Amino acid sequence: MRNVLGLPVCLCLIALAGCALAKRQVKLPSHDKFSREQLRIFSDFKLPRRHRLIDELTARRRDISAKLLLPMSDEPINIYIFEDADRYKEYLTINHPTFPERRAFFVKNDTDLTVFAHWSERVGEDLRHEVTHGYLHAVVPVIPLWLDEGLAEYFEVPRGRRGFNRQHIFHLATKVKQDEWRPDLQRLETLADAHDMTQMDYAESWLWAHFLLESGEKHQKLVQDQLARLRMIGEAEPLSAQIDDQIENASDRLLEHLADLAEQL
């Protein structure tokens, strides 16, 4: 009798659990939607069609193309902007439970390029970073992690500042002064999962990208050629090998570059 009564109780609990899971579903923003060039923007609040941040994101497409000598794609980049941070976190917890807690994410699969973010005081920085990933992967499907993140950190800075990231400069310069950090690009090249990247890894990736893009055409061409090879054949020799071959004492030059930037803080 006890077992017989227990069966429907268990079934009831399973049903209730199913109901609870169903209730936890969080829909993507869809209240407001519009397109700007390559961007498809969805939000759960009204966004002005000519918002200055959206203008900047569309202009960044041309900036990336010009700086890196990459063609511009017409593949859509879907941007989902949550007004409420809690709903954003809940959506990611349910649908992407392995993601670490961050304010924004870029996700790529075989058919879609997608950015998730919530509206905050730092939404401009967040969207510039993640949309940069979208623009890059639309034309260069395979990019080494450190270079992908280094370029996104460079282009997350507002236009006109040439990638000058004050937070990274201060953090790296402090570590150098305390003799707690030395650049090691070959180590960065071994990283394959963004989950494993530390703040120092992001900062060093940014510094290498900034150094190469802002210290002369010869250095900038190393990045352009690397991306061109990756775009055409999907693989390339590690950039560290080319840097060592063409830039004498590259790590020391990088530290000198950092010192020059730190003087501008």
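Observations on the structure shown:
- Sub-9 Å Cβ pairs linking a first residue in segment 244-259 that is under 15 Å from residue 223 (Cβ atoms) to a second residue that is of a type in the set (Val, Ile, Thr) and outside any loop (DSSP other than H, G, I, E, B), at least 6 apart or interchain, are 250/243, ordered by first then second residue.
- Qualifying residue in segment 121-134 (condition: among the basic types (Lys, Arg) and surrounded by 19 or more Cβ atoms within 10 Å (Cβ to Cβ)): yes
- Qualifying positions in segment 100-144 - over 21 Å from residue 65 (Cβ atoms) and in contact (Cβ under 8 Å) with a residue 60 or more places away in the chain: 100, 119, 123
- Across segment 96-118, the number of residues qualifying as out of contact with any Leu (no Cβ under 9 Å at 6 or more places or on another chain) and either farther than 21 Å from residue 60 by Cβ or open to solvent by 30 Å² or more (accessible area, probe 1.4 Å) (or both) comes to 10.
- Matching residues, segment 178-199, being surrounded by fewer than 16 Cβ atoms within 10 Å (Cβ to Cβ), at pLDDT 95 or above and in a helix (DSSP H, G or I): 186, 187
- Just one of the listed residues (134, 124, 160) is over 30 Å from residue 90 (Cβ atoms) and among the small types (Gly, Ala, Ser), and it is 160.
- The set of residues from segment 225-235 being open to solvent by 40 Å² or more (accessible area, probe 1.4 Å) and more than 17 Å from residue 213 (Cα to Cα) comprises 229, 231, 232, 233, 235.
- Scope segment 142-166; condition in contact with a helix residue (DSSP H, G or I) (Cβ under 8 Å, 6 or more places away or on another chain), open to solvent by 40 Å² or more (accessible area, probe 1.4 Å) and of a type outside the set (A, V, I, L, M, F, W, C); matching residues: 144, 159, 162
- Residue satisfying all of: in segment 27-54; under 19 Å from the mean Cα position of the chain (by Cα) and not hydrophobic (A, V, I, L, M, F, W, C); farthest from residue 159 (Cα to Cα) among these: 40
- For segment 24-79, filtered to residues that are open to solvent by 80 Å² or more (accessible area, probe 1.4 Å) and in a helix (DSSP H, G or I), the residue that is modelled with the highest pLDDT is 62.
- Residue among 213, 255, 222 that is of a type outside the set (D, E, K, R) and under 21 Å from the mean Cα position of the chain (by Cα): 213
- Test: residue in segment 84-94 that is over 18 Å from the mean Cα position of the chain (by Cα) and aliphatic (A, V, I, L, M): yes
The values are calculated or read from the model by the stated rules, or taken from the named source; none is laboratory data. For clarity, every value in this text was computed on a predicted model and none was experimentally measured. Here the Cβ is made from the backbone with ideal geometry for all residues, glycine too, and neighbour counts use every protein chain on show. The protein model used for the area step is the full one, side chains on, heavy atoms only, and it has no ligands, DNA or RNA in it. Shrake-Rupley method; radii C 1.70, N 1.55, O 1.52, S 1.80 Å.
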